[in-house]
């Protein structure tokens, strides 16, 4: 890359930041988050940052799920996703909580416990992660099965807020 | 306008472009979106695209004509 290319790229990135209202684009997969306490977005976050983040998250979760699913989760408080891998098993997804594994009568769960703990690897507002987890469970169940940590009790997720 | 949603602790931020016009700004935004998606996938993130009024996970190469992409956090147990 020549100095000219670098300068051009720098100026264009600066232009892009301008289009986002001056805020630099935060790419969370480029950072380490192990030092951030559970249920927190980091020490630099203030009350107003949390409020705005949750508001943004709600908007994108709604767009991700579509109006029909969004309305359903608002009304009933969860979304059920039938397993394609295990007939008779349903994943019950609730905002900010572990996945509940529900089995039809006579169906045995592949897990020893009824709850699966799955977190994002970086902090996210819980409604946003809920929509993401729905896509993972529906479209990439094998990945969910691979990473799921079965737990005997229900609990809030640690990496969402 | 097409857009890439980068879900992060701020809720989300977007990169937008117009695939129907050929301007320096639009080309730069498309380059930026493609680079972000490539890097995110390399680091374990999933990518979804909008189909109808909902999103589906997507492994296909970046297409600037897709209406909306989103980057999803990698997941981990525990």
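Since every read-out is calculated from the coordinates, none of them should be taken as a lab result. For clarity, every value in this text was computed on a predicted model and none was experimentally measured. For neighbour counting, all protein chains shown are included, and Cβ atoms are generated from backbone atoms with ideal geometry for every residue, glycine included.
Looking at the protein assembly as shown, what % of its DSSP beta bridges pair antiparallel, to the nearest 5?
Here the antiparallel bridges make up roughly 85 percent for the protein assembly as shown.
If packing is taken as the mean number of other Cβ atoms within 10 Å per residue, what is the order of B:54-64, A:63-73, highest first?
Answer by packing, highest mean first, reads A:63-73, B:54-64.
Looking at the range B:2-72 only, what percent of DSSP beta bridges run antiparallel? Nearest 5 please. Could you put the intermediate results ahead of the total?
On the way: 15 of 19 bridges.
Percent antiparallel among DSSP bridges in the range B:2-72 is about 80.
Only Cα pairs within less than 10 Å get springs; with that Gaussian network setup on chain A, which residue of A:133, A:75, A:27 has the largest fluctuation?
Looking only at A:133, A:75, A:27, the biggest GNM fluctuation is shown by A:27.
Please check: in the Gaussian network model of chain A (C-alpha springs, under 10 Å), which one of A:138, A:84, A:46 has the largest mean-square fluctuation.
A:46
Per residue, what volume in Å³ does the Cα convex hull of the range A:39-151 take up?
Spread over its residues, the Cα hull of the range A:39-151 gives 107 Å³ apiece.
Highest GNM mean-square fluctuation, chain A, Cα pairs closer than 10 Å: which of A:142, A:44, A:80?
A:44
Count, for each residue of A:118-128, the Cβ atoms from other chains sitting within 10 Å of its Cβ, then give me the mean as a whole number.
5
Angle check, please: helix A:67-76 long axis (alpha carbons) against the longest principal axis of chain A (alpha carbons), in degrees 0 to 90, nearest 10.
50 degrees
For chain B, what does -39500 (n - 2.57) per DSSP helix run (n ≥ 4), summed and divided by total residues, give at 222 nm, in deg cm²/dmol to the nearest 500?
Value at 222 nm, helices only, nearest 500: -8500 deg cm²/dmol.
Show that you can apply the helix-only estimate: for chain A, add -39,500 (n - 2.57) for every DSSP H stretch of four or more residues, divide by all residues, and state [θ] at 222 nm to the nearest 500.
-13500 deg cm²/dmol
Using only Cα atoms, find the angle between the long axis of helix B:24-42 and the longest principal axis of chain B, and express it within 0 to 90 degrees, rounded to the nearest 10.
For B:24-42 against chain B, the angle is about 20 degrees.
Average partner chain C-beta neighbours within 10 Å, per residue of A:30-39?
Mean number of neighbouring Cβ atoms from other chains: 1.
Other chains near A:50-59: what is the mean number of their Cβ atoms within 10 Å of each residue's Cβ? If you can, show how the numbers build up before the last one.
Details: counts 2, 0, 2, 5, 1, 1, 8, 6, 1, 3.
Mean shielding by partner chains, rounded to a whole number: 3.
In whole angstrom, how far apart do the alpha carbon centroids of the range B:1-51 and the range A:78-93 sit?
31 Å
How many angstrom lie between the Cα centre of the range A:34-66 and the Cα centre of the range A:100-161?
Cα centroid to Cα centroid, the span is 19 Å.
Run the simple label-point estimate for residue B:27 and residue A:38 please: 7 Å along Cα→C-beta, distance reported in nm.
Calculated label separation equals 5.1 nm.
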